[in-house]
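The values are calculated or read from the model by the stated rules, or taken from the named source; none is laboratory data. All values derive from a computational prediction rather than experimental measurement. Heads up, the Cβs are rebuilt from the backbone with ideal geometry, glycines too, and the neighbour counts pull from every protein chain shown. Ligands, DNA and RNA are stripped out before the accessible areas are found, and what is left, the full protein with its side chains, is counted by its heavy atoms. Shrake-Rupley method; radii C 1.70, N 1.55, O 1.52, S 1.80 Å.
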Number of protein chains: 4
Amino acid sequence: MTNVGYSLPVRVYYEDTDAAGVVYYANYLRFMERVRTEWLNACGFEIDQLVPRFGLLFVVRSVQIDFLQPARLNDRLEVSVTLERLGRVSMVLRQVVQHGSDELCRARVKLASVTVDGVPKAIPDAIRQQLEKT
Amino acid sequence: MTNVGYSLPVRVYYEDTDAAGVVYYANYLRFMERVRTEWLNACGFEIDQLVPRFGLLFVVRSVQIDFLQPARLNDRLEVSVTLERLGRVSMVLRQVVQHGSDELCRARVKLASVTVDGVPKAIPDAIRQQLEKT
Amino acid sequence: MTNVGYSLPVRVYYEDTDAAGVVYYANYLRFMERVRTEWLNACGFEIDQLVPRFGLLFVVRSVQIDFLQPARLNDRLEVSVTLERLGRVSMVLRQVVQHGSDELCRARVKLASVTVDGVPKAIPDAIRQQLEKT
Amino acid sequence: MTNVGYSLPVRVYYEDTDAAGVVYYANYLRFMERVRTEWLNACGFEIDQLVPRFGLLFVVRSVQIDFLQPARLNDRLEVSVTLERLGRVSMVLRQVVQHGSDELCRARVKLASVTVDGVPKAIPDAIRQQLEKT
């Protein structure tokens, strides 16, 4: 599976920064979730329709993230997501935060497909096929 | 009605600050909601039990807030709530954020009692009586 | 002074919502600050350049906000800012959050121009003229 | 090195939750940073004094985090930190979020000691000795 991935521009506002003058570390996870949402939306699966249409939602099981360089107020970042592995009930994504050609942050995010009660549920073929195309 | 109110210590962490070196303005509203939650809990109404026990939740209808002086990293603040007016389906609270004797922030918060569908619902006497005692 | 204002689309992500299924009340202030930042940027005053270029920053002195209807996950909102009054060291803005034609949230925000030490400082003519044009 | 670690109670408020009814994944990192701050404070190193006293601050270089079970509104969590490895310019911490005896979240956090300009700086003996005692 070769993926070009999907990316989203993200501006750094005051809300994202902290007293050290840089983006607060937890907020990169917020940026990464935004691009995952827009990626799913772009694949045709509106994030608020996953439960009504498919009886599932995607939850984050684990994150491995490296903070390489800080982002700062007003930076225009590019945040990307690439599908690395698509399993039966989970997937692994690569996510990168860039500022120009500088890589600021790099993560590996594992998502699981679960019912609203948290029970693992196979990712439907309709979703699987669209995700594999990106 | 005279009220002594209820207060909660709140430490300022990096997550609360922004690149200007002070607490980000929206975060004072987070502090104020924490003290409202602990106040309700202290009155005997656990915040997660309002829907199952009473079929209601309290939503914020309006906030009027003045930012007088900034709070900074590691400050140990005191955040208070005082019941100003208790109506049939709403209440008005006074909330203050203090650092030592300095008043940093002062707000007037109007809450409405609503069902999960957002329909106004009279505040039950059981709640009313406890709130009036604080 | 008649103003058409400036507006920005804002998508609602999981990060913005709370366990009541709607946007957490403090997060509307984050949305409003985003549009203020983009408005200033659009006027030619990059938010991170206000201190180096003009020796000033804008701080929020007060907010009066009404929460009319809730926003929900995945909503595509439109958040606007309109200059209501431009004083010597402060300004008053009208800000509205809309979902389609529904007004969800309406605020009056007072900003003050201060030095990095928090001393009031007259808004320079260069800034004043641009803001009045919007 | 055997460590008993340090822990802090953390209440889950609306601000911490999301529309899925659970704590938003990035917010566990906020909880973990709170306990790190209180741990450093308890060791005698107020977080806002690290730069003036020692010319350094601790930045997060990487996080590896597993989300095992969700926390919910009003939960009273216990968040802990244990020093796993203390290097010359960095340290590795183990952090756990518990609800009663349930482990909800488990992380390995690598911190680096840097100057305000981001240059690696040896952790002073004064700090090293206190941290090793916890």
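Side notes on the structure shown:
- Interface A-B: total buried accessible area of about 700 Å², 1.4 Å probe, protein heavy atoms only.
- Applying the Karplus relation 6.51 cos²θ - 1.76 cosθ + 1.60 with θ = phi - 60° to the stretch C:72-79 yields 3J(HN,Hα) values of 10, 3, 6, 4, 9, 9, 10, 10 Hz, where x marks Gly and Pro.
- Translational diffusion coefficient (Stokes-Einstein; Kirkwood radius from C-alpha pairs) of the protein assembly as shown at 20 °C, 1.002 mPa s, in µm²/s: 88
- Signed unit charges on C-beta, dipole axis of chain D, positive-most listed residue D:41, D:130, D:64: D:130
- Mean-position separation - Cα centroids, the stretch D:68-134 and the stretch A:1-70, in angstrom: 24
- Accessible area of the protein assembly as shown belonging to carbon and sulfur atoms, whole % at 1.4 Å probe: 46
- The alpha carbons of the stretch B:19-134 occupy a box of 42, 28, 23 Å along the principal axes, longest dimension given first.
- Residue D:122 label point (Cα plus 7 Å toward Cβ) to equivalent points in the other copies: 5.4, 6.0, 7.4 nm, shortest first.
- When residue C:84 is represented by a point 7 angstrom out along its Cα-to-C-beta vector, the spacings to that point in the other copies are 1.7, 5.0, 5.3 nm, nearest first.
- Over the protein assembly as shown, DSSP H runs of length four or greater, each weighted -39,500 (n - 2.57), average out per residue to a 222 nm ellipticity of -6500 deg cm²/dmol.
- Burial of 20 Å² or greater, the stretch C:7-23 residues [accessible area, probe 1.4 Å, versus chain by itself]: C:11, C:13, C:14, C:15, C:17, C:18, C:19, C:20
- Solvent-accessible area per residue in the protein assembly as shown equals 41 Å², computed with a 1.4 angstrom probe and all protein chains kept.
- Rel. contact order, % - alpha carbon contacts under 8 angstrom, at least six apart, chain D: 30
- Size of charge dipole - chain B - debye, nearest 20, with Cβ of Lys, Arg +1 and Asp, Glu -1, no other charges: 440
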